Amino acid sequence: MESASDRRKFARIATDQVISFSMVDAGDQLAISKDVSVGGIRFEAVGCELELGDTIRVTFNVGEHSIVAVGLVVWATETDPITTDIGLEFVDIDSDALRMIEDTTEVMPSI
């Protein structure tokens with residue numbers, strides 16, 4: 001039987017860090033990242049409503065480096081009445097940032 005990690009397009013790095021995100025041209029909100037890959041990031045947001053297709057700017061760290069990327073909400077799942085698990089697919093991210101993520105997935109176990 002195929003495992004979830006076998007079906008993934010990209011290796012993921014498990015994270016548990018505070019990140020910031022915002023709708024493009026809006027104020028920042030805080031969230032907790034769950035994992036990141038070269039394809040996108042999954043995070044848990046509290047008290048906000050995001051819709052499929054929304055464009056979001058997200059700021060997070062990989063090692064000692066701060067990365068800013070823009071992505072599209074490709075899925076959103078309510079985990080309780082005020083918390084939403086968000087899947088964001090990167091559409092605009094610096095190539096150096098992608099290399100940092102890729103390099104990190106090579107040295108850390110992916111999920």
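Considering only segment 29-74, state which residues are free of Cβ contacts under 8 Å to residues at least 40 places away in the same chain, of a type in the set (Ser, Thr, Tyr) and within 16 Å of Val18 (Cβ to Cβ). Quick ask: steps written out before the conclusion?
Keep residues of segment 29-74 that are free of Cβ contacts under 8 Å to residues at least 40 places away in the same chain, which gives 29-30, 32-33, 46-58, 64-69, 71-74.
Retained after the next criterion (residues that are of a type in the set (Ser, Thr, Tyr)): 33, 55, 66.
Of everything in segment 29-74, those that are free of Cβ contacts under 8 Å to residues at least 40 places away in the same chain, of a type in the set (Ser, Thr, Tyr) and within 16 Å of Val18 (Cβ to Cβ) turn out to be Ser33, Ser66.
When residues of segment 34-82 are filtered for being buried (at least 16 other Cβ atoms within 10 Å of the Cβ) and among the β-branched types (Val, Ile, Thr), how many remain?
8
Please list, ordered by first then second residue, the pairs with beta carbon atoms under 8 Å, 6 or more apart or interchain, first in segment 75-102 and more than 20 Å from Leu52 (Cβ to Cβ) and touching a residue at least 60 places away in the same chain (Cβ under 8 Å), second assigned to a strand (DSSP E or B) and aliphatic (A, V, I, L, M).
Filtered contacts from segment 75-102: Ile101/Ile13; Ile101/Val36; Ile101/Val62; Ile101/Ile67.
Take the residues of segment 38-86 that are in a loop (DSSP other than H, G, I, E, B) and out of contact with any strand residue (DSSP E or B) (no Cβ under 9 Å at 6 or more places or on another chain): which is farthest from Thr105 (Cα to Cα)? Before the answer, list the steps.
So in segment 38-86, the residues in a loop (DSSP other than H, G, I, E, B) come out as 38-39, 47-54, 63-64, 81-82.
Narrowing the set further to residues that are out of contact with any strand residue (DSSP E or B) (no Cβ under 9 Å at 6 or more places or on another chain) leaves 63-64, 81.
Numbers: Gly63: 11, Glu64: 15, Pro81: 33 Å.
If we take residues in segment 38-86 being in a loop (DSSP other than H, G, I, E, B) and out of contact with any strand residue (DSSP E or B) (no Cβ under 9 Å at 6 or more places or on another chain), then Pro81 is farthest from Thr105 (Cα to Cα).
Throughout, read-outs are computed from the coordinates displayed, never taken from laboratory work. Source: prediction; values computed, not measured. Counting neighbours? That spans all protein chains shown, and the Cβs are built from the backbone with ideal geometry, glycine included.
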